[in-house]
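Below: one structure, written as structure tokens.
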Amino acid sequence: MPQAKYEKVLFDRAHGKRRWENELAEGVSLKDIDRAEVFRIVEAARAKGHLLDPVGSRLPGVLDRLDVRKDGRILQAAVVLFGKKFMPDYPQCELRMARFRGTDKTEFLDQRNVRAPAFKLLEEAELFCQRHFPLPGRIVPGKLQREDRPLIPPDAMREILVNALIHRDYSIAGGAVYLAIFDDRVEVWSTGTFPTGIRPEMLSREHKSVLRNPIIADVFHRAGLIEKWGRGTNRVITMCREAGLRPPEFEEIAGAAVVRFRVNVAGPQQVTGEVTGEVAGEVPGEVRRLLAVVKGEMKRQEIQAALGLKHEDHFRKAYLTPALKRGLVEMTIPDKPRSSKQKYRVSESGKRALDGARVQ
């Protein structure tokens, strides 16, 4: 038996007690844990009914309750879930995203690398998908407005992204989760092979649940993002079929687990039924979200709060400025753009975009 395989067999045999995630995080203390992120996830767990007993307001007790602290010491799972700083000791807590022109990796249209706690990485990946996925639509008999359908069912895309975050091999320091968007497909790569006992072809049928990182998976479960019954990929396949899409492909390539959706990202998209040819996919996802929350005339701070965004620079760069440049949002005092009394409203073009008309 090759040495690498022998070591893997020994590791898997001891997996119940010795895993990367439940090893002590050397040099990490409570000050290195993002308290706000911890309590944000605790509130999500309470809302889902997965934390019924009081957890208190002291960070150490909450970390103990989530099993990410042992004998007063922070575990590596806590860094993945709630860490503040990842370099130089935890470079693997990274998400790499790219939108490529065409069907290969020759030319980037957009790319972004992020190191952050796992739940924030999930949110960043979903925002990147919103930015680059077109929104196909059709006219449904008996309805006045066009029916929009996402490129990939959002719950299906989220399930695959969550799986990449919770099942990956964090012991590989140079690893990451990769989100690659091409003209003809979307791929999610996570460092490390599938867990022992799981083969790619098994994921398309009923299979057992094998958790490589049960502590990390448990926190995601408490937040309501996964089940623990091994049904995730089966649900993804069902959602894709119901949306008229091919089921995703599962592979192991060069020591990585890969999930591939064969979809037409380049657009315009054609869906079953009568197609209008008016595709809102030319409008970035951030702009569509902004248009959806603007009611009447609103100040910048009100729109930003409605979107749940904390950073003004990010809001202006990704949301407000693109909407203004496209003429989808207009200022109430256009001759004084920096006025403290400035408000914004959806323009007529913006209203047509919301109604599904193509924005020229």
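Structure above, values below:
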quantity	calculated
Stretch gain in nm, segment Lys48-Ser171, where the contour uses 0.36 nm per residue and the Cα spacing is subtracted	41.2 nm
Cα gyration tensor of region 12-117 - equivalent ellipsoid semi-axes, whole Å, descending	31, 19, 14
Loop-located GluC sites (Glu not before Pro) in region 98-133, at most 14 other Cβ atoms within 10 Å (DSSP)	Glu107
Cα-based equivalent ellipsoid of region 283-354: semi-axis lengths in Å, sorted from largest, via gyration tensor	16, 15, 11
Restraint check, Lys105/Lys310; Lys105/Lys295; Lys310/Lys341; Lys48/Lys85; Lys120/Lys336; Lys84/Lys295, Cα-Cα greater than 31 Å	Lys105/Lys310; Lys105/Lys295; Lys120/Lys336; Lys84/Lys295
Check: region 283-354 dipole with +1 on Lys, Arg Cβ and -1 on Asp, Glu Cβ, in debye	0 debye
Difference of contour (0.36 nm per residue) and Cα-Cα distance, Arg185 to Asp104	28.1 nm
Ordering of 291-299, 93-101 by burial proxy (mean other Cβ atoms within 10 Å per residue, highest first)	93-101, 291-299
Efficiency of FRET from Cβ geometry, Ile253 and Ser349, R₀ 41 Å, rounded to 0.05	0.40
FRET efficiency for Arg246 and Glu297, using Cβ-Cβ distance with R0 set to 51 Å, rounded to 0.05	0.70
Fewest-first ranking of Glu26, Glu37, Glu249, using other Cβ atoms within 10 Å as the exposure measure	Glu26, Glu249, Glu37
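Computed from the coordinates by the stated procedures, all read-outs in this text should not be read as laboratory data. Just so you know, these numbers come straight off a predicted model, no measurement behind them. Cβ coordinates were reconstructed from backbone atoms using ideal geometry, including for glycine residues, and neighbour counts include every protein chain displayed.
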